[in-house]
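J.: The structure's right below; bear with me while I get my questions together.
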């Protein structure tokens, strides 16, 4: 398994896709029900393979992610060969960087209490594996518009 097994909720949302995946792999509904009873290890292996397939497709499409806390906002642009980062760090406890409004306010009224930098790095591993790790560490999907607004500031 490359990433993680999808949650029950995710699997329910992708139920039709899972059924199609199972059929492509030669497992029809009756066989699937029997496999879950008689060979649950094999059933879990198929769900793991399906999960990896789904997550690989998602990670291939992800272009922007971010991580926010009260004192920092990091936005990542995930290119094919490298990751670009714009980071805003608060040097004061009075600054909050957890919401778009508070980030805008900090940039407008407390810019002197912020340190802003931009950097980039090549992927150390497979692109999808690095994205998976970043998401597991608390990053969430972000937008191209947010990236380009921050880029104007830098």
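J.: If I model a spin label as a point 7 Å beyond the Cα along the Cα-Cβ vector, how far apart are those points for residue 20 and residue 82 in nm?
T.: Placing both labels 7 Å beyond Cα along the Cβ direction yields 3.7 nm.
J.: Continuing with this model, one more query. Any idea what angle helix 127-136 forms with the longest principal axis of the chain, computed on alpha-carbon atoms, 0 to 90 degrees, nearest 10?
T.: 80
J.: Applying a 10 Å radius around every beta-carbon, put 28-36, 92-100 in order of their mean neighbour count, most first. Intermediate results must be reported in sequence, preceding the final value.
T.: Details: 28-36: 12.4, 92-100: 14.1.
Ranked from most to least packed, the peptides come out as 92-100, 28-36.
J.: From the list (i) 9.8; (ii) 11.1; (iii) 11.6, can you say which value of mean projected area of the Cα convex hull in nm² was derived from the structure given?
T.: Entry (ii).
J.: Please list, by residue number, everything in segment 96-127 whose backbone N is under 15 Å from a paramagnetic label point 7 Å out along Cα→Cβ of residue 60.
T.: 127
J.: Once you sort the root eigenvalues of the Cα gyration tensor of segment 64-153 as a ≥ b ≥ c, which label holds: rounded (a/c under 1.5), prolate (a/b larger than b/c) or oblate (the other case)?
T.: On the way: a/c = 2.18, a/b = 1.89, b/c = 1.15.
Since a/c reaches 1.5 and a/b is larger than b/c, the shape of segment 64-153 is classed as prolate.
J.: Something else about it: Would you work out if segment 1-87 is rounded, prolate or oblate? Take a ≥ b ≥ c from the square roots of the eigenvalues of the alpha-carbon gyration tensor; rounded if a/c is under 1.5, else prolate when a/b is larger than b/c, oblate otherwise.
T.: Details: a/c = 3.41, a/b = 2.62, b/c = 1.30.
Prolate is the answer for segment 1-87, as a/c is 1.5 or above and a/b outweighs b/c.
J.: Using label points projected 7 Å from each Cα along Cα→Cβ, tell me how many nm separate residue 72 and residue 148, to one decimal.
T.: Using points 7 Å along Cα→Cβ, the separation is 2.8 nm.
None of the figures in this text is laboratory data; all of them are computed from the coordinates on show. This structure is a prediction, so every number in the text was calculated from the model and none was measured. Reconstructed Cβ throughout: ideal geometry from the backbone, glycine too, with neighbour counts over all protein chains shown.
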